[in-house]
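Please treat every number below as a calculation from the coordinates, not as lab data. What you are looking at is a predicted structure, and each value in this text was computed from that prediction instead of being measured. Cβ sites come from the backbone with ideal geometry, for glycine too, and all protein chains shown count toward neighbours.
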Amino acid sequence: MSVANDTKFTHTVFLLSGISGYEDIHQWIFIPFCITYVISLVGNSVILFIIKSDPTLHEPMYIFLSILAVSDLGISIGTLSTTLGVFLFNSREIGPEACFAQLFFIHSFSYIESSVLLVMAFDRVIAISNPLRYASILTLPRIAKIGLGCVIRGVAVVLPAPFLLKRYRYCRANVLSHSYCLHLDVLKIACSDITVNNIYGLFATVITVGLDSVLILLSYVMILKTVLSIASRAECLRALSTCVSHLCAVLIFYTPGISLSLINRFASSSSSLIHILMGYIYLLLPPTMNPIVYSLKNKQLRAKIVRVFVK
């Protein structure tokens, strides 16, 4: 540590944490984490391989699904090394630069995933309300621009975070709450005035996750309005069935994320175990469940995956 003032110090390292109070069984706790990471990495990689290798899946919905799989892989890979170090080897130290880089990638991929889920909602709106013009509206060049826009948006929103955090002094206990770095988690140990970062963090959440969730809700209102106008009940159910996978992915992503944000900002006095578990659920559940949901609910994708493994 280096002296900042007469009585304040700046930590040269942060300490990551597993699950407080259960340090003696961290190696056993890592078993479900290991299963989660294996499912996430293998599942999303298989989906990417299937979509890339099968020309019949080079359609807008599957291209957006491949971008979603890439963002899920980014989140899993971004947290894997430190989680493995904490739970298996009790390697808790992480430098500020490495910590800021990790939180940048974690939050960037999370915001990219939110953007992709919104785009997939619009994709379903077009497919159901205007199927005859679907292919002419969502052309490959347009899809490429939309995908690039999702990436730029996710990176641009999070880009100021590492530079703002680097300006602060960290003179309190340098122990973080998770086995990886999150923006709010790092802010809690800063001894400087963090008003700017608090406003920035709230603004970033509102214009990404908050705005996206509202627009997705409006998209499904439009979908329901269109579907209810269909005379045939069978056609109505067939149209809604194409949205099941996406709706599950939306609930899996937004429910833990919004819950964690509300707990951190408005229920800070609640049990620390709840904070810790919600943090892990928020980042690890979507990358694990998305490939399972799409493999089970999407008949065309499921058939391709079965065919590959049978061969």
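Points to keep in mind about this one:
- Likely footprinting exposure, Asp193, Asp72, Asp185, fewest C-beta neighbours within 10 Å first: Asp193, Asp185, Asp72
- Tilt relative to the chain, helix 195-205 - C-alpha long axis, 0 to 90 degrees, to 10: 20 degrees
- Taking Tyr22, Tyr280, Tyr134 and counting other C-beta atoms within 10 Å, the order from fewest to most: Tyr22, Tyr134, Tyr280
- Cα long-axis angle, helix 140-158 against the chain (0 to 90 degrees, to the nearest 10): 20 degrees
- Working from label points 7 Å from Cα in the Cα-to-Cβ sense, the Ser259 to Val42 distance is 2.7 nm.
- FRET efficiency, Tyr22 to Tyr200 (Cβ-Cβ, R0 30 Å, nearest 0.05): 0.35
- Label-point gap, in nm, between Thr242 and Lys225 - each point 7 angstrom along Cα→Cβ: 1.9 nm
- Each Lys or Arg adds one and each Asp or Glu subtracts one; over the other residues with Cβ under 13 Å from the Cβ of Ser219, this totals 0.
- For the chain, built as a Gaussian network whose Cα springs stay under 10 Å, the top-fluctuating residue of Ser136, Ser272, Ser81: Ser136
- Fewest-first sequence of His183, His58, His26 by Cβ atoms within 10 Å of each Cβ: His58, His26, His183
- Helical mean residue ellipticity (222 nm; -39500 (n - 2.57) per DSSP H run of 4+; nearest 500) of the chain: -24500 deg cm²/dmol
- Degrees, to the nearest 10: 60-89 long Cα axis against longest axis of the chain: 30 degrees
- Projected label points at Leu296 and Arg169, each 7 Å from Cα along the beta carbon direction, are separated by 5.3 nanometres.
- Cysteines without a disulfide-compatible neighbour (Cβ-Cβ under 4.7 Å), the chain: Cys34, Cys150, Cys236, Cys243, Cys248
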